[in-house]
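Down below is the structure, laid out as structure tokens.
Every number here is computed from the coordinates shown, using simple stated rules; none is lab data. On a predicted model such as this, the values are computed, not experimentally measured, just so you know. Here the Cβ positions follow ideal geometry from the backbone for every residue, glycine too, while neighbour counts run over all protein chains shown.
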């Protein structure tokens, strides 16, 4: 298993960043994400918003791995994601795992958005991925390849969040202006 | 964002609009009534989606399986932390 992790601080309030996180897709930075559905959404007994989503991506393992495993090229790879939005602790945690090819490759990813301690105007994103490739003699190199890809995707994901966050701020400003003038 | 099935996309986007508005204007202000605000749109969307999941060949029970440990937090192996890499903190 390969474990990869990173941290990043956004210069925006947590409330704005989590709204952006829920509206992250579609975006130009992650064109592989083609479809997204909500399978379940409820507020639990602790008042937390629980969501389960399925994400369809055009991502596929490298062609040499597909050939070696005797697979046919897949039109869509599915990822299952469960998130918990906790207003009391001001955290949003999203955990995802791939659903397609789960017996060969397993990528468990966790993203947590929280307020930077002592700074209400900044939001901390902690991201971790655990990558396991099973039943293959070269699993280590494939795990490293996946980690490199996740690392590059993480940067693009943050850009997408920042773009959506700017959009939400503009929306909020226009609502504010509208309210002021009415 | 599109649904995994084209035929559900319209219902999905109608629900999404309701949800995004509810999240921003209600939930973040402390009103937790998701079903009261968007339940009807969610139900219509789910009828379409459940059918689409079958057509795509996915198993809904597997998708709903709580393998992600949301309710029961997984205990973290402290040894794993040592393997962390790529620490970055851009401010």
Between residue A:135 and residue A:72, what FRET efficiency comes out of the Förster formula 1/(1 + (r/R0)^6) with R0 = 22 Å and r the beta carbon distance, rounded to 0.05? 0.75
With each pseudo-label sitting 7 Å past Cα toward Cβ, what's the residue B:44-residue B:10 distance in nm, one decimal? 1.0 nm
Determine the shielding of peptide B:31-39 by partner chains: average, over its residues, the number of Cβ atoms on other chains within 10 angstrom of each Cβ. 2
If all Cα-Cα distances of the protein assembly as shown are sorted into 5 Å bins from 0 onward, what percent lands in each bin, rounded to whole numbers? 1, 5, 11, 16, 19, 18, 14, 9, 5, 2, 1, 0, 0, 0
Which ordering of A:14, A:64, A:59 is given by a fewest-first count of other beta-carbon atoms within 10 Å? A:64, A:59, A:14
Average beta-carbon neighbours from other chains, 10 Å sphere, peptide A:3-10: 5
For the Cα atoms of chain A, what angle does the longest principal axis make with the long axis of helix A:139-181, in degrees from 0 to 90, nearest 10? 20 degrees
Eigenvalues of the alpha-carbon gyration tensor of the range B:1-67, times 5 and square-rooted, give semi-axes in Å, largest first, of 25, 15, 10
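Across peptide A:36-47, what mean number of C-beta atoms from other chains lies inside 10 Å of a residue's C-beta?
Rounded to a whole number, the mean comes out at 5.
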With an 8 Å Cα cut-off and a minimum separation of 6 or more residues, compute the relative contact order for chain A in percent. 28 percent
Simple spin-label estimate for residue A:120/residue A:156, 7 Å along Cα→Cβ, in nm, reads 3.7 nm
